[in-house]
1. Given L77, L99, which one is touching a strand residue (DSSP E or B) at 6+ places or on another chain (Cβ under 6 Å), free of Cβ contacts under 8 Å to residues at least 60 places away in the same chain and under 30 Å from V205 (Cβ atoms)?
2. Please go through (1) of a type in the set (A, V, I, L, M, F, W, C); (2) within 14 Å of ligand 1 (Cβ to nearest atom); (3) modelled with pLDDT of 95 or more for L212 and return the number of the only condition it doesn't satisfy.
3. Scan region 153-193 residue by residue and report those that are within 15 Å of ligand 2 (Cβ to nearest atom) and either among the small types (G, A, S) or in contact with a Phe, Trp or Tyr (Cβ under 8 Å, 6 or more places away or on another chain) (or both).
4. Spot the failing condition for I125; the list is (1) surrounded by fewer than 24 Cβ atoms within 10 Å (Cβ to Cβ); (2) aliphatic (A, V, I, L, M); (3) assigned to a strand (DSSP E or B), and only one is missed.
5. How many of the residues in region 70-87 are under 18 Å from V109 (Cβ atoms) and part of a helix (DSSP H, G or I)?
6. If we keep just the residues of region 200-221 that are within 20 Å of the chain's Cα centre (by Cα) and over 22 Å from L86 (Cα atoms), which is surrounded by the most Cβ atoms within 10 Å (Cβ to Cβ)?
7. Of all residues in region 216-266, how many are out of contact with any strand residue (DSSP E or B) (no Cβ under 8 Å at 6 or more places or on another chain), within 16 Å of ligand 1 (Cβ to nearest atom) and within 21 Å of V321 (Cα to Cα)?
8. Specify which of the listed residues (Q255, Q250, Q291) is polar (S, T, N, Q), touching a residue at least 24 places away in the same chain (Cβ under 8 Å) and either in a helix (DSSP H, G or I) or farther than 20 Å from T180 by Cβ (or both).
Amino acid sequence: MKNTHLVAATPATIARAAQILRDGGLVAFPTETVYGLGANALDESAVAKIFAAKERPSFNPLIVHVADIEAAHNVLLAWPERAQALAKAFWPGPLTLVLPKAAHVPARVTAGLPTVAVRAPAHPIAQAMLQAAGIPIAAPSANLFTQISPTQAEHVWKSLGERADLILDGGASPVGIESTVLSLAEASPILLRPGTISRAQIEAVIGPIEVLSQTRTDEAPRLSPGMLERHYAPRAETRRFAAHQQNHAQRLAAQFMARGQRIGVLYQSTLIAGTQHPIKMPDRPDEYAQQLYAALHTLEDTGCDLILIEAVPDDAAWSSVHDRLQRASQALDVA
Ligand code: AMP
Ligand code: MG
């Protein structure tokens with residue numbers, strides 16, 4: 001049967017997507033980070049469909065996608081100088097800014113917060129769709145809540161199927177992990193979520209910032225709702241191991257093998273012997289990020305019962321990948 005929901009992105013299908021969005025429907029579309037599930041951010045009932053389709057809890061606010069700085073003004077109360085400087089440096093691109101919201105942005109988008117998260121994506125298909133639609137588009141990742149984020153149209157189809165009115169296929173997302181999220185709504189800027197636009201790059205533009213996970217852990221639920229729980233709850237047991245824990249990881253693998261179960265491994269240098277699905281991951285953090293979710297999807301599709309992930313270096317260049325691995329896996333129990 002021809003799949004009428006998943007279509008190649010062309011000028012004609014992008015125009016159709018824009019019309020569906022204006023009519024209050026749901027469109028999954030590629031961005032440079034991951035695929036998003038979009039709806040008209042100013043239409044409360046359209047936004048409600050996103051939460052229903054994803055089975056996402058309503059306390060978890062959405063990112064509003066806009067074509068450019070001017071379109072961002074429309075969903076915000078004010079546009080401070082820091083926002084202008086950052087947007088000039090990094091938009092369109094994978095940086096999300098949290099700022100006080102305009103009154104007409106429905107509370108459902110922001111989970112009742114007085115602030116809204118906004119970003120202008122760089123992906124040409126997302127850009128074309130936003131421009132054709134002419135409205136701000138609220139869009140979380142296009143997957144069921146707690147599943148692996150989608151970086152290919154097939155991942156969206158696997159997770160959401162016909163829950164999206166249309167899925168635009170634009171190939172693999174080039175960045176591969178979710179955007180950096182920075183709050184400009186507090187007295188000083190706070191990094192809420194690391195991404196490929198780094199703390200150092202942001203500080204080069206606006207000076208020193210705080211990092212939520214380091215400074216304000218007690219305020220995290222208020223400042224960063226929805227960011228606390230584990231993101232990915234795979235069917236497989238998913239464990240992180242450091243190179244020096246190779247023997248422990250090998251022993252855990254042996255227990256699964258003895259039961260005839262399947263094991264997948266994401267590794268950089270430490271191979272676990274005898275496993276069915278080893279995937280060698282790149283040495284560069286940007287390439288690792290680009291491939292991470294697709295690798296996890298591959299292991300999930302092969303029906304792995306255990307996924308072992310070699311920990312990545314604990315330094316700034318790897319902080320966004322490190323963050324995603326922390327959410328996707330548990331540290332190996334080492335007795
Ligand atoms: P995603 O799940 O990738 O769409 O990212 C959305 C995340 O951005 C949420 O889970 C929040 O953690 C964060 N976010 C969105 N809106 C806000 C907001 N108004 N204030 C703080 N964080 C937000
Ligand atoms: Mg998500």
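The values are calculated or read from the model by the stated rules, or taken from the named source; none is laboratory data. Model, not experiment: these values are computed from the prediction. Heads up, the Cβs are rebuilt from the backbone with ideal geometry, glycines too, and the neighbour counts pull from every protein chain shown.
1. L77
2. Failing condition for L212: (3).
3. Within region 153-193, H155, V156, S159, A164, S173, G176, I177, S179 meet the criteria.
4. I125 satisfies every listed condition except (3).
5. 3
6. A220
7. 9
8. None of the others qualify; the one that does is Q291.
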